[in-house]
Amino acid sequence: MPTPPRGVHELIEHLIETPTDRGLIRTSPDVLFDRFDVPADVRETLRAGGRDDLHRLGIHPNLVIKWLIWSGRPTMPFFPIDYYFARR
């Protein structure tokens, strides 16, 4: 597994501890990317990439799932986990 890009794990761990900042993923992701010095070449993958794209960057699978849920994207192509949580 490759080394994750600079700042990405720290960013997601910050969001675990600070849920009030999670909305920035959808509204102003660059604010978070700048705060954690996330490299420009991975920002588009974080904005629009799928589970496998994020994993290829070296992001821990647990953090990939959290990022996808918070960004409103499906975690799996055939059954998005957010569907389950939206029904509860």
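When you look at Arg35, is it among the basic types (Lys, Arg) and over 14 Å from Val64 (Cα atoms), yes or no? In short, yes. Condition first: out of contact with any Phe, Trp or Tyr (no Cβ under 8 Å at 6 or more places or on another chain), aliphatic (A, V, I, L, M) and modelled with pLDDT of 95 or more. Can you find one or more residues in region 9-16 that meet it? Yes, the conditions are met somewhere in region 9-16. Of all residues in region 5-44, exactly one satisfies the criterion of being under 18 Å from Gly72 (Cα atoms) and aromatic (Phe, Trp, Tyr), namely Phe33.
The values are calculated or read from the model by the stated rules, or taken from the named source; none is laboratory data. Just so we're clear, the structure is a prediction, and the values are computed from it rather than from any experiment. FYI the Cβ positions are ideal-geometry reconstructions off the backbone, even for glycines, and counts take in every protein chain you see.
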